[in-house]
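The values are calculated or read from the model by the stated rules, or taken from the named source; none is laboratory data. On a predicted model such as this, the values are computed, not experimentally measured, just so you know. Cβ coordinates were reconstructed from backbone atoms using ideal geometry, including for glycine residues, and neighbour counts include every protein chain displayed.
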């Protein structure tokens, strides 16, 4: 309520509106999360969410880990723990990062409640209102929500099939500095990016690190998918060649299971101390139970073999998606990922993936509109398709249904462009862009 005791404008549905902190204006629903209710319907083929195929996990080993943890370490599992994470899990994290060329001390690892929590902690430490975060265009949807919630502005840097474009990064930095803007860090998913699925080349990794180093810009490297390659390992992590200028984020959500909610940050020593304090302020300590469960699983299971199993599953599903796209939607263009979960599709200029989504849902298929992955409204004629969760047959059926929607819109567009303005008035409410946007 305001001082007079009456509700302010637009508060009839929320009597506490006037009391919220200004930063809450940056909190908005993720388009991906908003799709979950629809995508969870059994009749809908969901190509929307990046959910790992956890049914491929060895449930007997998971059950065995649970029983052993509770039998031998029950009181510890159910108690508060360290704000940095238990030493045993940090040793395993050290072993995992070694597979991507990272040499580090386990003392510089901070366990978090998923890597997204680590992303929020880093943002909390560094971002003030009005700061700028550099990010690929397109970029991870919830990262954009987090940056906005801390009242920072995301400035996208273009990317192509080889990842972030170094020259575009140079120009963006120069333009922002000329405008008096304060750049806090570069956020990047260089390996099998979400949503584009592309991988930054080794040469570009080195060049981008040098650009950021020379401009005193921190690099925040988010790497959920790096071990999920299909044909050949990707380039080593950016953190492998720069210990002081890179914060590295990792997670067990994609290579094990997201339900455990265990991720981590590897940071330079001074930043690590801030992360521990921020972690304690936010959650006191990450879940001891989840950490001990994962630790026991990694002690007893052939976890490298399990990751290889996931690679085969996701490779088959990627192939099914690419084959179906080539058959049903050959007029479109898309990325060809060598790992991860996603294909990034480009539609003809005058189609709007967000406006088209209700019709897609009616055809019982779901995807994520491209606008979700931009902070500036771009991505209208793009969509992200996820191949990680549905079976190959369902993926094929989903693309077939999607083709009905897209080809129907293209047919309307062709009819629209061949019809005089007086004849098309009844169709103005359709998804096709109006005449003022054509050309």
Practice task
Can you confirm whether segment 150-165 contains a residue that is within 22 Å of residue 334 (Cα to Cα), in contact with a strand residue (DSSP E or B) (Cβ under 6 Å, 6 or more places away or on another chain) and in a loop (DSSP other than H, G, I, E, B)?
Solution key: yes
Problem - Odd one out for residue 337, checked against (1) in contact with a helix residue (DSSP H, G or I) (Cβ under 8 Å, 6 or more places away or on another chain); (2) over 30 Å from residue 415 (Cβ atoms); (3) part of a helix (DSSP H, G or I) - result: (3)
Practice task
Among what's in segment 382-395 and is surrounded by fewer than 19 Cβ atoms within 10 Å (Cβ to Cβ) and farther than 9 Å from residue 317 by Cβ, pick the residue that is nearest to the chain's Cα centre (by Cα).
Solution key: 394
Problem - All positions within segment 73-96 that are in contact with a helix residue (DSSP H, G or I) (Cβ under 9 Å, 6 or more places away or on another chain) and without any contact (Cβ under 8 Å) to a residue 24 or more places away in the chain - result: 87, 91, 94, 95
Exercise for the section: Report yes if residue 309 is surrounded by fewer than 17 Cβ atoms within 10 Å (Cβ to Cβ), under 24 Å from residue 109 (Cβ atoms) and in contact (Cβ under 8 Å) with a residue 40 or more places away in the chain, otherwise no. Expected result: no
Handout entry: Test: residue 118 is in contact (Cβ under 8 Å) with a residue 12 or more places away in the chain, buried (at least 19 other Cβ atoms within 10 Å of the Cβ), in contact with a strand residue (DSSP E or B) (Cβ under 6 Å, 6 or more places away or on another chain) and part of a helix (DSSP H, G or I)
Key = yes
Handout entry: Search result, residues across segment 38-64 that are surrounded by fewer than 18 Cβ atoms within 10 Å (Cβ to Cβ), touching a strand residue (DSSP E or B) at 6+ places or on another chain (Cβ under 9 Å) and either at positive phi or in a helix (DSSP H, G or I) (or both)
Key = 38
Handout entry: Among residues of segment 366-389, those that are part of a loop (DSSP other than H, G, I, E, B), in contact with a strand residue (DSSP E or B) (Cβ under 9 Å, 6 or more places away or on another chain) and free of Cβ contacts under 8 Å to residues at least 60 places away in the same chain, counted
Key = 2
Exercise for the section: Please work out if residue 201 is surrounded by fewer than 24 Cβ atoms within 10 Å (Cβ to Cβ) and touching a helix residue (DSSP H, G or I) at 6+ places or on another chain (Cβ under 6 Å). Expected result: no
Handout entry: Only one of 72, 67 that is exposed (fewer than 15 other Cβ atoms within 10 Å of the Cβ), closer than 30 Å to residue 311 by Cβ, more than 31 Å from the chain's Cα centre (by Cα) and at pLDDT 85 or above
Key = 67
Handout entry: Selection status of residue 132, farther than 21 Å from residue 164 by Cα and either modelled with pLDDT of 95 or more or surrounded by fewer than 20 Cβ atoms within 10 Å (Cβ to Cβ) (or both)
Key = no
Fill in the blank from the handout: Of the residues in segment 312-332 that are outside any helix (DSSP H, G or I) and in contact (Cβ under 8 Å) with a residue 12 or more places away in the chain, the one that is nearest to residue 384 (Cα to Cα) is 332
Practice task
Enumerate the pairs (first residue in segment 97-111 and on the phi > 0 side of the Ramachandran plot and in contact (Cβ under 8 Å) with a residue 12 or more places away in the chain; second residue anywhere and surrounded by fewer than 18 Cβ atoms within 10 Å (Cβ to Cβ) and assigned to a loop (DSSP other than H, G, I, E, B)) with beta-carbon separation below 7 Å, excluding pairs fewer than 6 apart on the same chain, so at least 6 apart or on different chains.
Solution key: 101/236
